1. Can I get the semi-axes of region 3-94's equivalent ellipsoid? Compute them from the C-alpha gyration tensor as square roots of 5 times the eigenvalues, in angstrom, largest first.
2. Given +1 on the Cβ of Lys and Arg, -1 on the Cβ of Asp and Glu, and no further charges, what dipole in debye does region 3-94 carry about its Cα centre, rounded to the nearest 20?
3. At 7 Å along Cα-to-Cβ for each site, give me the label-to-label distance between Arg36 and Glu12 in nm.
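Bear in mind these aren't lab numbers, they're just calculated from the coordinates by the rules spelled out. Everything numeric here is computed off the predicted structure, so don't read it as measured data. So basically every Cβ, Gly included, is an ideal-geometry build from the backbone, and we count neighbours across all protein chains shown.
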Amino acid sequence: MSFMDRFAAGLETLGRKANQALDEGKLRMELLRARRRLDHAARALGYITYRQSRGEPAPQAEVESLTRRMAEAEEETARLEAEIAALKGRASTPAGPSTPGPQASGGPAAPGPQASGGPAAGEAASPPS
């Protein structure tokens with residue numbers, strides 16, 4: 001493979017990754033908006049509940065509307081999270097022909113984060129004593 005072919009392939013890969021990053025960014029913005037809608041509806045429902053506990057009658061139509069908006073926002077949040085996960089799954093898949101890894105060839109499995117002696121994902125490393 002000539003230098004120009006490798007360069008063109010590298011540019012193509014870079015372009016694909018940039019597009020995936022943009023797509024993921026758009027989905028994350030939509031997810032943020034859906035979560036914000038859910039939060040606003042939950043807050044409004046909480047205010048109604050508070051006023052109801054103080055003796056005011058609860059406007060049933062508004063309660064039903066808010067619970068419906070919350071359910072819709074939850075569904076949209078779940079859908080967007082699944083789309084982001086699918087997009088990330090595609091991004092981590094190599095673009096070229098697949099080569100069998102150690103599992104497919106019968107070799108030993110690569111050690112996970114626990115086997116390396118380091119902290120597990122999400123854990124902070126403790127300072128040495």
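1. Numbers: eigenvalues 431, 19, 11 Å².
Listed largest to smallest, the semi-axes of region 3-94 are 46, 10, 7 Å.
2. Numbers: 17 positive and 15 negative charges, 56 e Å.
Dipole size: approximately 260 debye.
3. 3.9 nm
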